[in-house]
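Enquirer: Got a structure here, written out as structure tokens. Questions coming.
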């Protein structure tokens with residue numbers, strides 16, 4: 001699709017903010033108690049992270065105390081992310097969890113003309129509306145409906161998509177909201193899509209979990225290095241820098257089939273070389289295999305690096 005005014009391809013930025021709970025025994029005496037679903041009362045940090053889905057870059061991180069309000073810092077996080085939007089991006093789409101489903105966050109998104117699909121918080125007003133909606137069959141298991149939702153503390157009504165499924169005796173214990181015999185999912189959105197299209201768009205966020213696991217396991221996100229909040233916030237920024245450098249290296253210097261690999265897999269492909277520890281003349285010597293495949297990969301990567309243009313400014 002082309003924009004007639006600029007005759008440039010329409011680039012879309014897909015932003016995915018998320019709240020991620022991290023805990024540490026170091027914080028038992030330091031921070032206020034925060035909600036932790038696994039260890040009630042355990043001292044916790046509650047960071048906010050925001051990834052750009054198309055590039056996988058981590059646009060911003062905000063470290064919050066464990067007792068921070070659900071949406072505290074969301075507006076500031078999104079404002080920083082909007083400053084990161086490249087100049088050639090013409091459209092921004094946001095999909096986020098229920099931690100961002102608050103009126104001021106929606107106001108901030110709409111002020112930037114961003115399109116969004118955000119998981120709806122199951123507030124009393126929404127729960128009261130669910131049973132009275134007119135549902136249509138979506139597939140053999142799910143029904144779907146939509147309506148204009150206007151809580152008293154919102155500046156305006158917003159479109160709400162609701163899906164429900166009857167709970168069967170053979171179903172596992174539900175993790176979604178349940179009301180009588182049904183389990184529910186709901187989203188607030190301003191996307192010009194059908195209800196099914198909004199559902200499909202939001203479910204594309206499933207890839208976010210893999211990135212969070214990578215940051216957690218390969219970049220030591222759960223580690224709390226100090227007893228000072230400011231120093232730990234700086235540590236989180238160092239993690240963001242390291243993650244983005246690795247991601248940029250993948251996008252610019254590695255073949256396409258390697259761009260989805262985690263840091264652990266990259267280490268295996270790039271640095272794991274068979275070797276043997278020998279002792280010629282009683283001197284320990286590590287002999288590595290002279291692999292033509294590794295040498296060829298290294299030459300291609302170096303060639304891509306040498307062809308990169310330096311950053312301006």
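The values are calculated or read from the model by the stated rules, or taken from the named source; none is laboratory data. In this text the structure is predicted, and so the values were computed from the model without any measurement. Cβ placement follows ideal geometry from the backbone for every residue including glycine, while neighbour counts extend to all protein chains displayed.
Enquirer: If residue 254 satisfies all but one of (1) closer than 23 Å to residue 57 by Cα; (2) modelled with pLDDT of 85 or more; (3) loosely packed, with under 13 Cβ neighbours inside 10 Å; (4) in contact with a helix residue (DSSP H, G or I) (Cβ under 9 Å, 6 or more places away or on another chain), what's the number of the condition it fails?
Expert: Of everything listed in (1) closer than 23 Å to residue 57 by Cα; (2) modelled with pLDDT of 85 or more; (3) loosely packed, with under 13 Cβ neighbours inside 10 Å; (4) in contact with a helix residue (DSSP H, G or I) (Cβ under 9 Å, 6 or more places away or on another chain), residue 254 misses just condition (3).
Enquirer: Being touching a helix residue (DSSP H, G or I) at 6+ places or on another chain (Cβ under 7 Å) and without any contact (Cβ under 8 Å) to a residue 40 or more places away in the chain is the filter here, so list the residues in segment 110-133 that pass it. Before you say what the answer is, go through the steps one by one.
Expert: Our first condition is that a residue be touching a helix residue (DSSP H, G or I) at 6+ places or on another chain (Cβ under 7 Å); within segment 110-133, this holds for 112, 116-121.
Passing the criteria: 112, 121.
Enquirer: Next question, about the same structure. Restricting to segment 145-170, give me the number of residues that are part of a loop (DSSP other than H, G, I, E, B) and either touching a strand residue (DSSP E or B) at 6+ places or on another chain (Cβ under 8 Å) or within 19 Å of residue 124 (Cβ to Cβ) (or both). Before you say what the answer is, go through the steps one by one.
Expert: Within segment 145-170, the first condition is being part of a loop (DSSP other than H, G, I, E, B), and the residues that meet it are 150-157, 167-170.
From what is left, the residues that are either touching a strand residue (DSSP E or B) at 6+ places or on another chain (Cβ under 8 Å) or within 19 Å of residue 124 (Cβ to Cβ) (or both) are 150-154, 157, 167.
Adding up the residues that qualify gives 7.
Enquirer: Restricting to segment 134-149, name every residue that is farther than 23 Å from residue 97 by Cα and either touching a residue at least 12 places away in the same chain (Cβ under 8 Å) or crowded, with 16+ Cβ neighbours inside 10 Å (or both). Step through it out loud before you land on a result.
Expert: Narrowing segment 134-149 to residues farther than 23 Å from residue 97 by Cα: 134-137, 139-141.
Matches in segment 134-149: 135, 141.
Enquirer: Could you please give the count of residues in segment 63-79 that are touching a residue at least 24 places away in the same chain (Cβ under 8 Å) and either within 18 Å of the chain's Cα centre (by Cα) or on the phi > 0 side of the Ramachandran plot (or both)?
Expert: From segment 63-79, those touching a residue at least 24 places away in the same chain (Cβ under 8 Å) are 63, 65-68, 70-71, 73-75, 77-79; that's our starting set.
Going one step further and asking which of them are either within 18 Å of the chain's Cα centre (by Cα) or on the phi > 0 side of the Ramachandran plot (or both), we end up with 63, 70-71, 73-75, 77-79.
Qualifying residue count, segment 63-79: 9.
Enquirer: Which residues, counting only those in segment 271-294, are surrounded by 10 or more Cβ atoms within 10 Å (Cβ to Cβ) and closer than 18 Å to residue 257 by Cα?
Expert: Of everything in segment 271-294, just one residue is surrounded by 10 or more Cβ atoms within 10 Å (Cβ to Cβ) and closer than 18 Å to residue 257 by Cα, namely 294.
Enquirer: Does residue 105 satisfy the criteria of being in a strand (DSSP E or B) and either in contact with a helix residue (DSSP H, G or I) (Cβ under 6 Å, 6 or more places away or on another chain) or free of Cβ contacts under 8 Å to residues at least 12 places away in the same chain (or both)? Walk me through how you get there before you give the answer.
Expert: Working: in a strand (DSSP E or B): no; either in contact with a helix residue (DSSP H, G or I) (Cβ under 6 Å, 6 or more places away or on another chain) or free of Cβ contacts under 8 Å to residues at least 12 places away in the same chain (or both): yes.
When the stated conditions are applied, residue 105 does not pass them.
Enquirer: Considering only segment 108-144, state which residues are in a helix (DSSP H, G or I) and either farther than 29 Å from residue 80 by Cβ or out of contact with any strand residue (DSSP E or B) (no Cβ under 7 Å at 6 or more places or on another chain) (or both). Quick ask: steps written out before the conclusion?
Expert: Here is the first cut: in segment 108-144, the residues in a helix (DSSP H, G or I) are 108-111, 124-130.
If the condition is that a residue be in a helix (DSSP H, G or I) and either farther than 29 Å from residue 80 by Cβ or out of contact with any strand residue (DSSP E or B) (no Cβ under 7 Å at 6 or more places or on another chain) (or both), then 108, 110, 111, 124, 125, 126, 127, 128, 129, 130 are the ones that fit.
Enquirer: Being touching a residue at least 12 places away in the same chain (Cβ under 8 Å), more than 24 Å from residue 246 (Cα to Cα) and not in a loop (DSSP other than H, G, I, E, B) is the filter here, so list the residues in segment 262-302 that pass it.
Expert: Matches in segment 262-302: 275, 287, 288.
Conditions tested, residue by residue: (1) assigned by TED's automatic domain parsing to the domain that holds residue 146; (2) at pLDDT 90 or above.
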residue	(1), (2)
92	no, no
96	no, no
100	no, no
107	no, yes
124	yes, yes
127	yes, yes
130	yes, yes
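Enquirer: Pairs under 7 Å by beta carbon, first residue outside the structural domain of residue 137 (by TED's automatic domain parsing) in segment 158-183, partner part of a strand (DSSP E or B) and surrounded by 14 or more Cβ atoms within 10 Å (Cβ to Cβ), six or more apart or different chains?
Expert: none
Enquirer: Report, by residue number, each residue of segment 182-206 that is more than 21 Å from residue 91 (Cα to Cα) and surrounded by fewer than 18 Cβ atoms within 10 Å (Cβ to Cβ).
Expert: Taking segment 182-206 first, the residues more than 21 Å from residue 91 (Cα to Cα) are 182-186, 196, 206.
Listed by number, the residues that qualify are 183, 196, 206.
Enquirer: Quick check on my filter: what residues within segment 55-75 are assigned to a loop (DSSP other than H, G, I, E, B) and closer than 18 Å to residue 241 by Cα? Don't jump to the end; show me each part of the working.
Expert: Step one: filter segment 55-75 for residues assigned to a loop (DSSP other than H, G, I, E, B), giving 55-57, 63-64, 66-73.
Those that are assigned to a loop (DSSP other than H, G, I, E, B) and closer than 18 Å to residue 241 by Cα: 55, 56, 57, 63.
Enquirer: Still on this structure, I have one more. What number of residues within segment 174-187 are under 26 Å from the mean Cα position of the chain (by Cα) and not in a strand (DSSP E or B)? Full working, then the answer.
Expert: Step one: of segment 174-187, the residues under 26 Å from the mean Cα position of the chain (by Cα) are 174-178, 183-187.
Narrowing further to those that are not in a strand (DSSP E or B): 174-176.
Here the count works out to 3.
Enquirer: Now, a different point. Output the residues belonging to segment 221-245 that are more than 17 Å from the chain's Cα centre (by Cα), in a helix (DSSP H, G or I) and surrounded by 15 or more Cβ atoms within 10 Å (Cβ to Cβ).
Expert: Hits for segment 221-245 are 229, 232, 233, 235.
Enquirer: Mind telling me which of the residues 218, 203 ends up being outside the structural domain of residue 162 (by TED's automatic domain parsing), under 17 Å from the mean Cα position of the chain (by Cα) and more than 26 Å from residue 64 (Cα to Cα)? If you could, list the steps in order and put the result at the bottom.
Expert: Working: 218 fails: more than 26 Å from residue 64 (Cα to Cα).
Step by step, each of 218, 203 is checked, and only 203 is outside the structural domain of residue 162 (by TED's automatic domain parsing), under 17 Å from the mean Cα position of the chain (by Cα) and more than 26 Å from residue 64 (Cα to Cα).
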